[in-house]
Number of protein chains: 2
Amino acid sequence: MHAKSNPTPMPRPKAADYLIASKKCELQNLAYFLQMGRLVLCISNLIHALQRERGASNIFLGSDGKRFANQRLEQIETADRERSNFEQALNDIHQELTENPGSSRLLNLIACALHGLSGLDDLRHRIQALDMTSQTAIAAYSETIQMLLAVVFEAADNAVDPAIAGILVAMYNLMHGKELAGQERAVGSAGFSRGRFDTALSQRMAHLIEAQERCFEVFANFADPDSKALWLQATASRREGEVERLRQLGCSIGRYKDLDTSLADQWFELMSDRMDELKTVEDSLEAHFRKRCIEKFTDAKNSLTHQESLIESLDQHDRAPEPMLVLCGTQPNDPHADTVQSDGVSQRFGRSIFDLVQQQAQRLQQMSDELCAAKEALEDRKTQEKAVLLLMNHRQISNDEAHKLLRKLAMNQGKKLPDVARSIVAMADVLA
Amino acid sequence: MHAKSNPTPMPRPKAADYLIASKKCELQNLAYFLQMGRLVLCISNLIHALQRERGASNIFLGSDGKRFANQRLEQIETADRERSNFEQALNDIHQELTENPGSSRLLNLIACALHGLSGLDDLRHRIQALDMTSQTAIAAYSETIQMLLAVVFEAADNAVDPAIAGILVAMYNLMHGKELAGQERAVGSAGFSRGRFDTALSQRMAHLIEAQERCFEVFANFADPDSKALWLQATASRREGEVERLRQLGCSIGRYKDLDTSLADQWFELMSDRMDELKTVEDSLEAHFRKRCIEKFTDAKNSLTHQESLIESLDQHDRAPEPMLVLCGTQPNDPHADTVQSDGVSQRFGRSIFDLVQQQAQRLQQMSDELCAAKEALEDRKTQEKAVLLLMNHRQISNDEAHKLLRKLAMNQGKKLPDVARSIVAMADVLA
């Protein structure tokens, strides 16, 4: 029966081959994320440069072109260099990106980001010509940065290795928190340079502070100890005390009393310093990411080699007795001898291959279980954004107001923010 | 600035290219699932043949080789043919499978299934030699079928298109329900041929009936109208009334009173007929799946062609005025003329590309939202299996008892089964 059971001449697919293919697949995926890490680093650098350019442009426009003219040009040069690095990284990973059938969303987000970047030159011309309010310029930069951040979010969402997904979740939240700090810098600059904060400005600042905190919380949950220590160090510095003091001026008493406009420069410097320090945390996280990816890749490669040699040795054991089996097979009416023989062999062979397959299944299951925590953090953010959009549409309120309403609902109901957001999204489906 | 902004000679990646890449990615994914559909059909056919072989082997062993000897050999031939078809399909899709970095779990499950199939010849030898109880033989066939089913589950879990995922969820549940019917056939055969059902047998039967119902519920939620109508027709037949009558004998009065052993044959025929009819529903579902895949593929292809020509025409509009821009650019101190020009162009160009990118983003988001329902059905099953495993381990009870306990908990708490299962899994994490 053994010899006859294959009616076509094609090679019969074997369990061992698919086990190896499963391992190779993992390896390929790790290699992909090693490259993705480079893309994320490039985005981190590019965003930092754009944030600095945005800050310089803000002061340049606010001073009618009198201040920061040179700093701005320097920042533009840096940003262009980082943009080229990003584009180079994109070109280098292009094949892997486009061949991965699951990356259509990532590719479209990259299209979005590239579109944003393609508007940079026009934006700079207009700023140079003082043909734009600083608010509009800030909004334009922020939009492009948001698009770049969305690429990092999606990269984290695509990760299947829990360790890698975790670090990318930490990275996205750190980058997002830093960007919210950048927006807070702009809001504060506007308020301090005018000498007063109106209600909208105070509310926006309060929202940005709170949203930052939440980002950093998630970052701290998923970061490696070194990066976390670096971040704790950054948040415990004397600068942060100063930031806190100015924040309170901006958020509370600004409406009633005029502020010293010279605080604007101090604020700008403090926040710029804060962002630069957060960038060093990003770099530490990225270094850790690369290290983990390489470790994982090396482990997976060793495990593959080990399994291949294991399977080979099993294969040899399996092949040796086969001629005997065929001989036995010529006596189909004496099935007992045959069965004992083939059973002995297939159990020795089968058990071992099956053990390896089972091991791999358990490992993959464990990875998928561990992945849940990272995915949940991403899911929470998506749900929250959906809930905010729903509130904005239904109540005709601003983004800041919707965030505030969400927080108020959570407080009143004694629930966590993500839970309230989930209820809102679920309700909307029911009420729609 | 326009002419100088690219410092390296590499081609600058463009938003339009990544938009097209995103569309192509979707197309590639649809093509992949078209092939996956073929694999699923082959699995459906193979499982059906194995179920028939299992049934024939059961009667063959139960009658000490006196009955169904020829039917069994015929079934073996059919099963071997279907196995070859399955292996052929695997070979044909091999490249796509192994090149997809997200399919390591699927590949390992295929390894599992191939391992199961590799034990078939031994199993058949032993059955031929009457060297095995029918219970052991049934367990061996069922295990292999379970492994094949796991491949279908994973295929459904990997789908990103909501329509395709939904049909695969329907397919998995239909196949699983039919397999539970097959196991019920075996349990019933054992009871009726002995003339009595002991408690364990009755409980097992009750569990299999309930589990079948739940599978068919999910199937009905996700099936196309034609397949659902076919299924409703199957469940409304006179045969089903007869099945119901015999089920009640097996589940309730069996313990107290001896049954007519001739019911065994009637039962076996009724259930075999039921399974054959369910197979025709599977075939209808598969035909629908293929139709939908081809429709989706054609739509996506047309949309790609349309967008490509749109982008080309935008590109030409964009290129025509560029020499003027360069001329303007020679007067950097007259930024106004330049800005208006370049703005006019870039807004016409930029807006339109951006609109397309946004459209694609919305489409992908909508798909991902719609996908949730299908994923939830799969997630529910995974959670339930985890909860059952936890209960089995913690309470040292059987699979059937764990299922029963789960249902009891749900009933007592007035909650849905998946919710109770989720609480158990969450608790276990806390208590571990």
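Just so it is clear, none of the values below were taken in a lab; they were calculated from the coordinates. Just so it is clear, the structure is predicted and the values come from calculations on it, not from any experiment. Ideal geometry is used to build each Cβ from the backbone, glycine not excepted, and the neighbour counts take in all protein chains shown.
Tabulated results
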| quantity | calculated |
| --- | --- |
| Label point 7 Å beyond Cα along the C-beta direction, distances from B:Leu130 to other copies (nm, shortest first) | 10.6 |
| Using a Förster distance of 56 Å, the FRET efficiency for A:Asp258-A:Ala428 (Cβ separation, nearest 0.05) | 0.80 |
| Share of Cα-Cα pairs in the range B:15-299 lying beyond 28 Å, as whole percent | 40 percent |
| Cross-link table A:Lys24/A:Lys301; B:Lys375/B:Lys416; B:Lys279/B:Lys382; B:Lys228/B:Lys416; A:Lys23/B:Lys375; B:Lys382/B:Lys416, entries beyond 19 Å C-alpha to C-alpha | B:Lys279/B:Lys382; B:Lys228/B:Lys416; A:Lys23/B:Lys375 |
| FRET E, pair A:Lys416, A:Glu370, Förster distance 25 Å, beta-carbon r, rounded to 0.05 | 0.70 |
| Exposure proxy order (Cβ contacts within 10 Å, fewest to most) of B:Arg204, A:Arg194 | A:Arg194, B:Arg204 |
| Two-site FRET efficiency, B:Gln88 against B:Leu389, from Cβ-Cβ distance with R₀ of 35 Å, rounded to 0.05 | 0.50 |
| Set of aspartates and glutamates near A:Lys66 by C-alpha distance (under 19 Å), chain-local residues within fewer than 8 positions excluded | A:Glu53, A:Glu74, A:Asp131, A:Asp265, A:Glu269, B:Asp334 |
| Ascending list, in nanometres, of distances separating the B:Ser398 label from those of the other copies (7 Å, Cα toward Cβ) | 6.7 |
| Whether the range A:137-250 is rounded, prolate or oblate, judged on the alpha carbon gyration tensor where a/c under 1.5 counts as rounded | oblate |
| Residue of chain A whose Cβ sits closest to the axis mapping A onto B, with distance in whole Å | A:Gly102, 3 |
| Percentage relative contact order, chain A, counting C-alpha pairs under 8 Å, at least six apart | 19 percent |
| Equivalent ellipsoid, the protein assembly as shown (semi-axes from 5 times Cα gyration tensor eigenvalues, Å) | 61, 30, 25 |
| Separation of the B:Arg239 and B:Asp273 label points, Cα + 7 Å toward Cβ, nm | 0.6 nm |
| Proxy reagent accessibility, fewest Cβ within 10 Å first, across B:Arg83, B:Arg247 | B:Arg247, B:Arg83 |
| Residue mean of other protein chain beta carbons inside 10 Å, A:19-30 | 6 |
| Sorted by Cβ neighbour density within 10 Å, fewest at the top, the residues B:His94, B:His403 | B:His94, B:His403 |
| Label-point gap, in nm, between A:Asp355 and B:Ala200 - each point 7 angstrom along Cα→Cβ | 2.9 nm |
| Net +/- balance of residues flanking A:Lys404 in space, Cβ distance below 13 Å, scoring K and R +1, D and E -1 | +1 |
| Projected-area mean, the range A:24-160, by convex hull of Cα positions, square nanometres | 7.8 nm² |
| Cα-projected label distance for B:Ser63 with A:Leu73, points at 7 Å along beta-carbon direction, nm | 9.8 nm |
| Calculated label separations, B:Leu232, copies of the chain, 7 Å along the beta-carbon direction, nm | 6.4 |
| Neighbourhood charge, 10 Å Cβ-Cβ cut-off, centred on B:Ser142 and excluding it, Lys, Arg +1 and Asp, Glu -1 | -1 |
| Hits among aspartates and glutamates - C-alpha to C-alpha of B:Lys404 under 16 Å, sequence gap 8 or more where chains match | B:Glu210, B:Glu213, B:Glu385, B:Asp419 |
